[in-house]
Each structure stands twice: as structure tokens, then as C-alpha cells.
């Protein structure tokens, strides 16, 4: 632990905070457990400078333009209750996850997010949220700048499954981007016939390269097999931390 702390710039007094687990099941076809504390952490790279918000392409569906959350609702069907001001939506802890009213299958998704400044907390308790493809498969949102946590739980991870190839996080208070290409799983006769895949660029840096999705995201357990429709809502997570989002748009792919 001391070597890991030194390598990732976490202060010595933070060593008491857990950064992984040793009691979780082993991932299939992998030497590592879910959230394995011994799994090597991705090396840190410095992404390019942040530019202005990326304008949506002409064929994109704009899900949030900084004005309102009309394209979203709470998971129970009521209005989305996150705070909207100054061009961003901020998680209001305890208000619940929000999901899109429209459903999507294969898609290209653009999301911009900002971690709280000043940062508070450690490991998973620091700027935690998530982008859930099909409402099931989480691309982790976390303040992973100078913050040690388990490898499959840091920013850019397919949570509980696949760590990012590198840690491309910007400092808290700076806007960050996810550009995601999602290919949905298909099912036949009550079983998965074709797996889902995801490619993720974090701040312009490739962190997931056509990664197979092993199942729906679960904390502290193996991904769970779930049969679902091709078109499903997108979900953003309320993890009781004031993460901000802006400029969210999606391009449905395929022959529809």
C-alpha cells in the first residue's frame, strides 16, 4: 500500500481509507477479483487542454443543453429533480437517478462532467456518479485525479469489470468529457446471443477499446446477466455527491 500511495500521490494520512477489496468473486477469464485491491492501477496521462463545449452534430439528439431537464425524468417516472443553473445540471443528493424519456440502442454518446472543487472524501467517496448505458452498464464517473481507488472503480472504468487503459482525469473543477460508442447486446430464446460492447474516450484519450460487457453493473459482485430490450433509457447516477453535467447529446446508430 505504501508503494501505491507514493506512486499515485495520495497522502500518507489517507492510507487508512480502503481502496479496494480482497473478498469479492473472481472475474471470468481474469486473474483479478471484482474491485481487486491488488489489481494494478492504470498509469496517469495528461490529456489535452479543455476546449469549449463540443457542439452537437446536426443528426444528434440533444439531451441537455444547459437550460432544462425536459428530456429526463426520475426512475419512478416523476420529474427530474436535479438543480439546473448556469448551463449545467448538478446532482442533488437524495433526489435519485435520472433517466432519459427516450430509449436508445446502438449509439454515440457525448457527456461533459465536472468534479466538485474543493475535493472532499477519498477513494469511492470523492465525486462519484455514473453514466449507465441502457440503464444497466456503468461507465464510472469519479474524481480520479490524485485519488487512489480500486482499478475497476476509477473514472473511465466499466465499473466492477474493466479498468481504463490509462487515467486521463483532469483536476477537480475542470470540465471533462466522455465520448462513448455503445453497441447493445442482443438476446434470443431467453439467452444472450450477441454481447454488448463499449468504446470510451476520456478527455480525448482512449480508455476502453471495444470492451465486451459481461453483464449489468453490480457493486461488490460479478456483473449480472440481464435480458433487456435493444432500446433502453440512458441513466445518470445520484451518488449523493454534487457532480455537475453539461452538453449531453447522443447519435443513434444503425438503420433506423
- Message: Looking at the structure I just gave you, is residue 92 over 17 Å from the mean Cα position of the chain (by Cα) and assigned to a strand (DSSP E or B)?
- Response: no
- Note on the structure: (1) surrounded by 14 or more Cβ atoms within 10 Å (Cβ to Cβ); (2) at pLDDT below 90; (3) under 22 Å from residue 123 (Cβ atoms) all hold for residue 50 apart from (3)
- Query: Any idea which of 147, 189 is touching a helix residue (DSSP H, G or I) at 6+ places or on another chain (Cβ under 9 Å) and more than 26 Å from residue 76 (Cα to Cα)?
  - Reply: 147
- Note on the structure: From the option list 209, 147, single residue qualifying as surrounded by fewer than 19 Cβ atoms within 10 Å (Cβ to Cβ), within 22 Å of residue 34 (Cα to Cα) and touching a residue at least 24 places away in the same chain (Cβ under 8 Å) is 209
- Across (1) farther than 22 Å from residue 173 by Cα; (2) touching a residue at least 12 places away in the same chain (Cβ under 8 Å); (3) surrounded by fewer than 22 Cβ atoms within 10 Å (Cβ to Cβ), residue 133 clears everything bar (3)
- Task: Report yes if residue 87 is within 17 Å of residue 110 (Cα to Cα) and modelled with pLDDT of 95 or more, otherwise no.
- Result: yes
- Item | Condition check for residue 59: in a loop (DSSP other than H, G, I, E, B) and under 19 Å from residue 101 (Cα atoms) | yes
- Query: Which pairs do you get when a residue that is at positive phi and surrounded by fewer than 17 Cβ atoms within 10 Å (Cβ to Cβ), found in the stretch 72-101, comes within reach of a residue that is at pLDDT 95 or above and in a loop (DSSP other than H, G, I, E, B), reach meaning Cβ atoms under 7 angstrom, with the pair 6+ apart or on two chains?
  - Reply: 87/66; 94/240
- Message: From the list 37, 23, exactly one residue is at pLDDT below 95 and surrounded by 13 or more Cβ atoms within 10 Å (Cβ to Cβ). Which is it?
- Response: 37
- If a residue has to be surrounded by 17 or more Cβ atoms within 10 Å (Cβ to Cβ), farther than 22 Å from residue 219 by Cα and over 13 Å from the mean Cα position of the chain (by Cα) to count, how many in the stretch 182-202 make the cut? 1
- Can you tell me which residue among 246, 224 is at pLDDT below 95, surrounded by fewer than 21 Cβ atoms within 10 Å (Cβ to Cβ), in contact with a strand residue (DSSP E or B) (Cβ under 7 Å, 6 or more places away or on another chain) and within 30 Å of residue 94 (Cα to Cα)? 224
- Selection from the stretch 19-39 of residues that are under 19 Å from residue 213 (Cβ atoms) and part of a loop (DSSP other than H, G, I, E, B): 24, 25, 27, 28, 29, 30, 32, 34, 35, 39
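The values are calculated or read from the model by the stated rules, or taken from the named source; none is laboratory data. All of these numbers come straight from a predicted model, not from anything done at the bench. Using ideal geometry, Cβ is built from the backbone for each residue, glycine included, and neighbour counts are taken over all protein chains shown.
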